[in-house]
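Note sheet for the following structure.
The values are calculated or read from the model by the stated rules, or taken from the named source; none is laboratory data. Keep in mind the model is a prediction, meaning the values are calculated, not measured. Here Cβ is always computed from backbone atoms with ideal geometry, including for glycine, and neighbour counts include all displayed protein chains. These accessible areas exclude ligands, DNA and RNA; they are computed on the full protein's heavy atoms, side chains included. Shrake-Rupley method; radii C 1.70, N 1.55, O 1.52, S 1.80 Å.
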Amino acid sequence: MKFNSLAFRLFITSTALALLVLPLAAFQLINEYRNSIETNFDERLKANLSLLIESSLQENFETPQKPNQFGGFAFTLPNSGWYWQIRPLYNAALPTYSSTSLGSEILNLKEKLRSSQEADGTSKFYIKYGNDRQLRVIERTIILGTDKQPQSYAYVVTGDSSEIEVDVLDFASMLTLTFIILGSGLILATILQVKVGLQPLRVVERGLAAIRAGKTERLEGQFPAEIEPLRFEIRSEER
């Protein structure tokens with residue numbers, strides 16, 4: 001395949017288009033998959049948050065109490081990434097309650113990453129935890145107490161976001177392999193298409209060479225509709 005040939009131009013154009021479209025499509029699909037996984041993960045956290053609020057307010061609606069048992073086994077494992085916390089705002093004298101998995105630590109929620117807020121006031125964001133971990137956080141502020149002495153509490157539930165990253169990485173790996181196979185197939189199909197599609201031009205090329213050599217007086221064979229008028233033009237020139 002010569003660099004200045006029509007076949008090479010068609011091949012390069014088709015290949016460049018495939019190499020441009022496939023990565024963009026892969027990026028969009030991975031992004032949509034991440035959003036879907038993240039949404040499902042958030043729903044799990046929100047369900048736990050609702051249970052946390054309900055469990056802490058079983059005795060009264062003025063002061064939260066520490067739930068005796070809440071959440072699954074992950075909330076009892078140290079350094080699991082699955083934590084809950086009930087922290088009073090604007091009054092450091094009130095106690096802060098937290099899951100067994102959090103131990104005596106207090107979650108630092110000041111540096112929020114990719115934060116968003118829902119209509120009901122629930123905040124969703126990521127925080128850095130430890131040296132190389134990120135937690136997905138669901139937070140909601142609840143105002144308790146009396147009308148004369150209201151008190152705000154921040155209810156927080158977190159989950160280890162590595163679950164999201166592992167799912168997205170597995171999907172991205174599978175999608176990349178699929179698109180590599182698809183891209184290879186498209187390139188092979190392009191080569192075949194160029195070879196078959198330009199075959200009539202090669203017949204014309206050989207026919208013209210035969211005419212110049214005096215071996216024949218006209219183009220022989222069946223040609224596509226786009227090339228058929230060329231045979232008649234050559235005939236008229238011969239006359």
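Look through THR176, THR190 and report the one residue that is surrounded by 16 or more Cβ atoms within 10 Å (Cβ to Cβ) and closer than 30 Å to PHE27 by Cβ. On inspection, the qualifying residue turns out to be THR190. When SER55 is tested against the conditions (1) touching a Leu at 6+ places or on another chain (Cβ under 6 Å); (2) without any contact (Cβ under 8 Å) to a residue 24 or more places away in the chain, the lone failure is (1). Does ILE127 satisfy the criteria of being of a type outside the set (Phe, Trp, Tyr), touching a residue at least 60 places away in the same chain (Cβ under 8 Å) and touching a strand residue (DSSP E or B) at 6+ places or on another chain (Cβ under 6 Å)? Judged against the criteria, ILE127 is not a match.
Taking the conditions exactly as written (under 30 Å from LEU19 (Cα atoms) and not polar (S, T, N, Q)), does VAL157 satisfy them or not? Against the criterion (under 30 Å from LEU19 (Cα atoms) and not polar (S, T, N, Q)), VAL157 does not qualify. Scanning the range 129-137 finds one or more residues that are touching a Phe, Trp or Tyr at 6+ places or on another chain (Cβ under 9 Å), basic (Lys, Arg) and closer than 15 Å to ARG44 by Cα. Count of the range 17-65 residues, restricted to those that are aromatic (Phe, Trp, Tyr) and open to solvent by 90 Å² or more (accessible area, probe 1.4 Å), is 2.
Among the residues examined, ARG114 does not qualify as at pLDDT 90 or above, within 18 Å of ASP42 (Cα to Cα) and among the basic types (Lys, Arg).
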